[in-house]
């Protein structure tokens, strides 16, 4: 029992230190404007306070001289007849792999007939991995031809500097190279549009911006 | 009793088959059947297998989680007539949960009326790409609001207050649309001779476009099946 008392005090102390550290880190992440240099922080505000879902904040190079991003592979799961994630942000050259991870024999057929990208990946049986390569910027929906609630969206950007916000609020885009950029927000609700902002970042500066989403 | 049921069967068979419309002198017509079906890979598996959704050989068992292609009700056959100035009337009904149609094919110049059967005042809008927008005046419960469609393209009708109220619109200049269920016969009669474009559309699948020349005194039969693979093939046609 005696040994328990100092141990308990040490535990409480550790918990307090943890809490202080957590608060400090949260403070750095949440509070715009005090993160380290060449990180971009800010806030998205929507006219009328509307709680729009799935906003994509991104930085587009102001000049089209940026080198092409290294290709990446994105994975989408399908368990429970849902795409997870159902919003995929990619760049041209990236591949998207669709894994049929259903826990029983359920077939899928993933397709998109959008103007952005036409594809039909055929029969996707349990355990299969089907792949599509994205070759340009734009966006389009994809579906399963078998299941009516299976719907997702691909957004292809010519930048890796983006953040997906579940609702309007604060964001941080870390490690932005110096240069001239245009900050934009993709809004899926067609009643609204974003107002882009031109920004210039150097090695030693950071920016704190406010992006407005207004009604058309 | 047997005679009556036999007669009914004969009538059903007769009405199910595509029948050519009567020819009007100096005019032409187009007619056929519009339907939708599952992807060919799913149908191929159904022809070999029997378990799960593959109920009997060659058949599928559609659950409520599936797209039931043989029972789709919002298939549109559209004629693009460059001389049409619109003016067709469309009515959509909004409840607390949804719109009466999830998709609608319309022509610019058509009037779109919304009846608000929900419990709150709603402000509807029509939006297209970029800045394209038309806004309805707010409509109180039990009342109607309408506007004449000016926007062209793939549009979305929604409301400021309730995001579950959405209808996808296919809007084209000179579009005259017909809504059908899968397996229905459609017909466009009394068409002046000339070149026309026909669109076959289901919102989740997209469009099939056909260019046809209508001649005087001629009926053209054009049957169209909408499925993922067939629509993709049609897009890849030269």
Globularity index of chain B, i.e. its alpha-carbon radius of gyration over 2.2 N^0.38 Å: 1.16
What nm value, rounded to one decimal, do you get for the distance between residue B:119 and residue A:151 when each label is placed 7 Å out toward the C-beta? 2.5 nm
Other chains' Cβ within 10 Å of B:37-48 residues: what's the mean? 3
Can you compute the modelled spin-label distance between residue B:192 and residue A:50, with each label point 7 Å from Cα toward Cβ, in nm? 4.2 nm
Considering the alpha-carbon set of the range A:73-156 alone, what are its Rg and its Dmax in angstrom? 11.7, 36
At 0.890 mPa s and 25 °C, plugging the Kirkwood radius over alpha-carbon pairs of the range A:149-201 into Stokes-Einstein gives what diffusion coefficient in µm²/s? 184 µm²/s
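By per-residue mean of other Cβ atoms within 10 Å, what is the highest-first order of B:189-202, A:110-123? It would help to have the intermediate numbers written out before the result.
Details: B:189-202: 17.1, A:110-123: 19.0.
By packing density, highest mean first, the sequence is A:110-123, B:189-202.
Give me the tail of P(r) for the range B:131-228 as a percent: Cα-Cα pairs with distance above 21 Å.
Working: 2412 of 4753 pairs.
The calculated P(r) of the range B:131-228 puts 51 percent of pairs beyond 21 Å.
Output the peptides B:74-80, A:52-58, A:79-85 sorted from most to least packed, where packing is the average of other Cβ atoms within 10 Å over each peptide's residues. List each step's numbers first, then the result.
Numbers: B:74-80: 22.4, A:52-58: 19.3, A:79-85: 15.1.
Put in order of decreasing packing, that is B:74-80, A:52-58, A:79-85.
Calculate the mean, over all residues of peptide A:107-113, of how many other protein chain Cβ atoms lie within 10 angstrom of the residue's Cβ. Could the numbers behind the result be given before it?
Details: counts 8, 1, 7, 1, 8, 3, 8.
Across the residues of A:107-113, the mean count of other-chain Cβ atoms within 10 Å is 5.
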Antiparallel content of DSSP bridges confined to the protein assembly as shown, in %, to 5: 75 percent
Separation between Cα centres of the range A:124-146 and the range A:154-194, rounded to whole Å: 23 Å
Please give the FRET efficiency for residue A:202 paired with residue A:81, using the beta carbon to beta carbon distance and R0 = 60 Å, rounded to the nearest 0.05. 0.75
Computed over chain B, the relative contact order (Cα-Cα under 8 Å, seq sep at least six) in percent reads 29 percent
Mind grabbing the base-10 log of I(q)/I(0) for the protein assembly as shown at q = 0.06, 0.12 Å⁻¹? Debye formula, identical points on the C-alpha positions, no solvent, two decimal places. -0.37, -1.22
Given the Cα-Cα distance of residue A:186 and residue A:212 and 0.36 nm per residue of separation, how much length would full extension add, in nm? 8.2 nm
Using alpha carbon centers only, the range B:107-162 is separated from the range B:173-213 by a whole-angstrom value of 24 Å
On a C-alpha basis, how far is the centre of the range B:25-69 from the centre of the range A:41-63 in Å? Whole number, if you could? 43 Å
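Normalized C-alpha radius of gyration of the range A:87-216, against 2.2 N^0.38 Å?
Values: Rg = 18.0 Å, N = 130, 2.2 N^0.38 = 14.0 Å.
Ratio of Rg to 2.2 N^0.38 Å for the range A:87-216: 1.29.
Which whole-number percent gives the relative contact order of the range A:77-216, counting Cα pairs below 8 Å spaced six or more residues apart? Walk me through the numbers before you get to the answer.
Working: 272 pairs, mean separation 27.6, N = 140.
For the range A:77-216, the relative contact order is 20 percent.
Each reported figure results from applying straightforward, stated rules to the coordinates on display, with no laboratory input. For clarity, every value in this text was computed on a predicted model and none was experimentally measured. Cβ atoms come from the backbone with ideal geometry, glycine included; neighbour counts cover every protein chain shown.
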